1. Let me know the charge dipole size of the chain about its Cα centre in debye, to the nearest 20, where only the beta-carbon of Lys, Arg (+1) and Asp, Glu (-1) is charged.
2. Using Cα atoms only, what is the angle between the long axis of helix 88-107 and the major principal axis of the chain, expressed in degrees (0 to 90) to the nearest 10?
3. Can you find, among F113, A62, A93, the residue sitting farthest towards the positive end of the charge dipole of the chain, where Lys and Arg contribute +1 and Asp and Glu -1 at Cβ?
4. Name the residues whose placed amide hydrogens come within less than 5 Å of the amide hydrogen of K14, ignoring near sequence neighbours (fewer than 5 apart) on the same chain.
5. Kirkwood Rh and Cα-based Rg: tell me the resulting Rg over Rh for the chain, rounded to two decimals.
6. Checking the cross-link filter: which lysines have an alpha carbon closer than 18 Å to that of K40, excluding same-chain neighbours under 8 positions apart?
7. Quick one: accessible area per residue over the chain, 1.4 Å probe, rounded to a whole number of Å²?
8. Quick one: pull the percent of accessible area on the chain belonging to carbon and sulfur, 1.4 Å probe, ligands and nucleic acids left out.
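The values are calculated or read from the model by the stated rules, or taken from the named source; none is laboratory data. Everything numeric here is computed off the predicted structure, so don't read it as measured data. Because the Cβ atoms are built from the backbone with ideal geometry, glycine has one as well, and the counts that use them run over all protein chains shown. What goes into the accessible areas is simple: the full protein's heavy atoms, side chains included, and nothing from ligands, DNA or RNA. Shrake-Rupley method; radii C 1.70, N 1.55, O 1.52, S 1.80 Å.
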Amino acid sequence: MNIIEGNFSTSNNKFAIIVSRFNEFIGQNLLEGALDCLKKHNCSEENIDIIKVPGAFEIPFAAQKLAEQKKYNAIICLGAVIRGATPHFDFVANSASNGISQVSLKYNIPIAFGVLTTDNIEQAIERSGTKSGNKGWDAALTAIEMADLANKI
Ligand code: INI
């Protein structure tokens, strides 16, 4: 019996981080968490590219352009979609999550989903470096593990 799983080792893997500028304060904190995680796992800065997009809706397009280049071992998507008074939230959140998973499967590249989808700004703050941790850090850790796993299977 063989059990194959990824290690938390970045080796020479290359990572792209896509971060949306909408709710920029949250996105910036998620980005700092993701960078901290990559660096603490010995990823060098030259192996990290950061791509900024206007909102979460634009993340799948950017992910697809990056995946096409076949230059990265994993992509980390960061942003915050916060519920408002209209159904807009659902369209943006669904498009981002469905689009990201489609790109991952179509281009065979691990993509970590670090896009917060919350009911209010407080929940987003809690998840971007305060009492519920930093989901950017968590997404980067997932990307590290999955990039290593993808090299093995
Ligand atoms: N984009 C976000 O990233 N988060 C949001 O909360 C959000 N809301 O609520 O509107 C949001 N909208 C913008 C959207 O992502 C696109 O940038 C815009 O529709 C232009 O295509």
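1. Values: 14 positive and 16 negative charges, 56 e Å.
Its charge dipole is roughly 280 debye.
2. Tilt of helix 88-107: around 10 degrees.
3. Projecting each Cα onto the dipole axis, the largest value belongs to A62.
4. Placed amide hydrogens put N73, A74 under 5 Å from K14.
5. Radius of gyration over Kirkwood radius for the chain works out to 0.97.
6. Partners found: K14, K135.
7. Each residue of the chain exposes 54 Å² on average to a 1.4 Å probe.
8. 52 percent
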